[in-house]
Amino acid sequence: MKNQILSFISNLKKNKTSDVFLQLKEKKYRHPFNFPDLNNLTKRTKGIIFVLLSTFLILSTVYSLNYLETHENNVFATDSFTIISEGKELCKVRDPELLDAALEKLDKELENKVDHEIAIESKFVIEPSKAKDDEITSEEELYNILKKNITYSILAYAIDIDGTQVGVLNSEKEAKEVIEEVKAHFIRDYDKETLLEVTTVENVSIKQIKATNQQIQDKDELINYIIKGTDEERTYIVEKGDTYWTIAEYFNMSLDDLISANPNSDPDRIQIGDELNLIVPKPFINVQVKRKVVQEEKIPYETEYAYVSYMYNDEQVVTKAGKYGISEVEAIVTEQNGIQVAKEVLSEKVITEPVTQIVTTGTQEPPPKKGTGYFINPLPGSIISSRFGSRSGGFHLGQDMAKAAGSAIKAADGGTVIFAGWSGSYGYMVDIDHGGGFTTRYAHCSEIYVSVGEKVYQGKIIAAVGSTGVSSGPHLHFEVRKYGTAVNPANYIGVQYR
Ligand SMILES: [Zn+2]
């Protein structure tokens, strides 16, 4: 084939040369006027053109031959070498010696980077193969492929927490930075000026180990891993109508867990599109801080009792309210994960003294907790503001007894509490069953002191006067019912009813 091409080119050379000379002759014939005398130039020009053409043709021939010699492989696969590492085919090259060269370059570059000797541990196998040109990897590509796939052993630094290795880093400096940044994370909410000491509860150390490059971790990822105690990621994007309650319930986690998983989010102010973390952090490191604080503290007050004969011994009235005192305390506190675990008081200065509380109680033994058959006035000293009976088109089922809000309401007779709580227009209400079909009702109370099922004696303070429910001012709405039917209380107070 080579010979055919050569003879074709030499024919071409002959033809072309003669064509050019024909053209030159024609030109002379067409322009006979003041034109440069081509006859004089002909001999020299002929020589120059011949040399130029010959050079051009020889170069093109050589180029074409080279091209064909190397590029016929795009059609037919020819000899190549496949580079295999750990059973995985990496690439194909024409020259097997490229591998050694690339590995040597890589070794040098890596040693420069880690600043000590390394040992490449990956094993490579070279197998003869066939490949077309477009399947062949260039020297530069080969280097990049090796860089990605290579395993080499190096001296690395492991972070050890209570005997467990949690991460491996390239340098001791990086390992130290990881520990410092984890600590910084846990003390981020403290006023730095108050901190005396920041330590870890766990024994944290950095150890030099022999590792492979594949074990080396990203610094930021490792920090995150130590803080969270896991590399698991689960998040939720807040949607319309979501609350912390509904999200916690949906993911079957407690509200407290959801809150602690999102320390920077305010449960009352989540917005659509907010990202909430669903993994409760269980950090590998618990940071303990010692800090000096000056804070105001409450001083508890004491309680003294005054005894009177006109009260029952289970009754109590606060006659003088106690007040906490305030002191300024300077202390060194130790906190772990924000919770105080120790406190050493350095000094204490009382700013205000506490006020002793005085409680008055009775000496009388209370009567038996059952109905006597006689009703006393449930609110002595009150004024009847509305009587039982027809009232403005309706019927008033009780009698209204006005007295200052907070005044003590007494059980008209002993019995069992059968209702104590809110009841619509009655407001806070108490019902007592006295036996024999009789019950009494006390409504619009501001406070209730008894509960359902409780047995009370006659005169027991069961509630306080108020204006809850439908009421125009503080008063007791008092009802007496016989077998469920309201009767006029005025006919029963101070009367033996059974
Ligand atoms: Zn009433």
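The values are calculated or read from the model by the stated rules, or taken from the named source; none is laboratory data. From a predicted model like this one, the values you see are computed outputs, not experimental measurements. A quick note on method: Cβ atoms are made from the backbone with ideal geometry, for glycine too, and the neighbour counts reach across all protein chains shown.
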Query raised in the report: Within the bounds of the range 255-262, is there any residue that is part of a loop (DSSP other than H, G, I, E, B) and of a type in the set (S, T, N, Q)?
Result: yes
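State yes or no: is VAL452 away from the ligand (no atom under 13 Å from the Cβ), surrounded by fewer than 19 Cβ atoms within 10 Å (Cβ to Cβ) and not polar (S, T, N, Q)?
On the way: away from the ligand (no atom under 13 Å from the Cβ): yes; surrounded by fewer than 19 Cβ atoms within 10 Å (Cβ to Cβ): yes; not polar (S, T, N, Q): yes.
So VAL452 passes the test.
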Query - Output for the range 366-397, where each listed residue is among the polar types (S, T, N, Q), without any contact (Cβ under 8 Å) to a residue 24 or more places away in the chain and in a loop (DSSP other than H, G, I, E, B) - result: SER392
**Report entry** Qualifying positions in the range 211-246 - in contact with a strand residue (DSSP E or B) (Cβ under 6 Å, 6 or more places away or on another chain) and free of Cβ contacts under 8 Å to residues at least 60 places away in the same chain
**Finding:** ALA211, GLN215, GLN217, THR235, TYR236, ILE237
Query raised in the report: Does the range 322-336 contain any residue that is out of contact with any Pro (no Cβ under 9 Å at 6 or more places or on another chain) and outside any strand (DSSP E or B)?
Result: no
Query raised in the report: Only one of (1) modelled with pLDDT of 90 or more; (2) within 30 Å of SER260 (Cα to Cα) is not met by THR360, so which one is it?
Result: (2)
Report task. Looking only at the range 386-397, decide whether some residue is touching a helix residue (DSSP H, G or I) at 6+ places or on another chain (Cβ under 9 Å) and within 13 Å of the ligand (Cβ to nearest atom). Result -> yes
Report summary line: Scanning the range 411-449 residue by residue, the ones that are free of Cβ contacts under 8 Å to residues at least 40 places away in the same chain and within 16 Å of the ligand (Cβ to nearest atom) total 4
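Just need a number here: residues in the range 73-97 that are hydrophobic (A, V, I, L, M, F, W, C) and at pLDDT 85 or above.
The initial filter retains those residues of the range 73-97 that are hydrophobic (A, V, I, L, M, F, W, C), namely 75-77, 81, 83-84, 90-91, 93.
With the extra rule that they be at pLDDT 85 or above, the set shrinks to 81, 83-84, 90-91, 93.
Total satisfying the criteria: 6.
Specify which of the listed residues (VAL317, VAL341) is of a type in the set (A, V, I, L, M, F, W, C), closer than 30 Å to PRO368 by Cβ and exposed (fewer than 15 other Cβ atoms within 10 Å of the Cβ). Please lay out each step first, then the result.
Details: VAL341 fails: closer than 30 Å to PRO368 by Cβ.
Criteria check complete, one pass: VAL317.
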Requested in this report: Name the residue, out of THR356, THR363, THR334, that is in contact with a Lys or Arg (Cβ under 6 Å, 6 or more places away or on another chain) and without any contact (Cβ under 8 Å) to a residue 60 or more places away in the chain.
Outcome: THR334
Query - Test: residue in the range 253-274 that is in contact (Cβ under 8 Å) with a residue 40 or more places away in the chain, crowded, with 18+ Cβ neighbours inside 10 Å and either of a type in the set (A, V, I, L, M, F, W, C) or in the same structural domain as ILE339 (by TED's automatic domain parsing) (or both) - result: no
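Return yes or no: is LYS349 away from the ligand (no atom under 16 Å from the Cβ) and part of a strand (DSSP E or B)? Walk me through how you get there before you give the answer.
Numbers: away from the ligand (no atom under 16 Å from the Cβ): yes; part of a strand (DSSP E or B): yes.
When the stated conditions are applied, LYS349 passes them.
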Query raised in the report: LYS460 versus (1) exposed (fewer than 15 other Cβ atoms within 10 Å of the Cβ); (2) away from the ligand (no atom under 13 Å from the Cβ): which is the lone unmet condition?
Result: (1)
**Report entry** Of all residues in the range 398-410 being at negative phi and outside any strand (DSSP E or B), the one that is nearest to the ligand (Cβ to nearest atom)
**Finding:** GLY398
Query - Elements of type strands (runs of 3 or more DSSP E) in the range 179-248, at least 3 residues being modelled with pLDDT of 90 or more and loosely packed, with under 11 Cβ neighbours inside 10 Å - result: none
Report task. With the condition kept exactly as written, say whether any residue in the range 476-493 is of a type outside the set (Ser, Thr, Tyr), within 54 Å of the chain's Cα centre (by Cα) and surrounded by 13 or more Cβ atoms within 10 Å (Cβ to Cβ). Result -> yes
Query raised in the report: Can you name every residue in the range 472-491 that is more than 11 Å from the ligand (Cβ to nearest atom) and in contact with a helix residue (DSSP H, G or I) (Cβ under 6 Å, 6 or more places away or on another chain)?
Result: VAL480
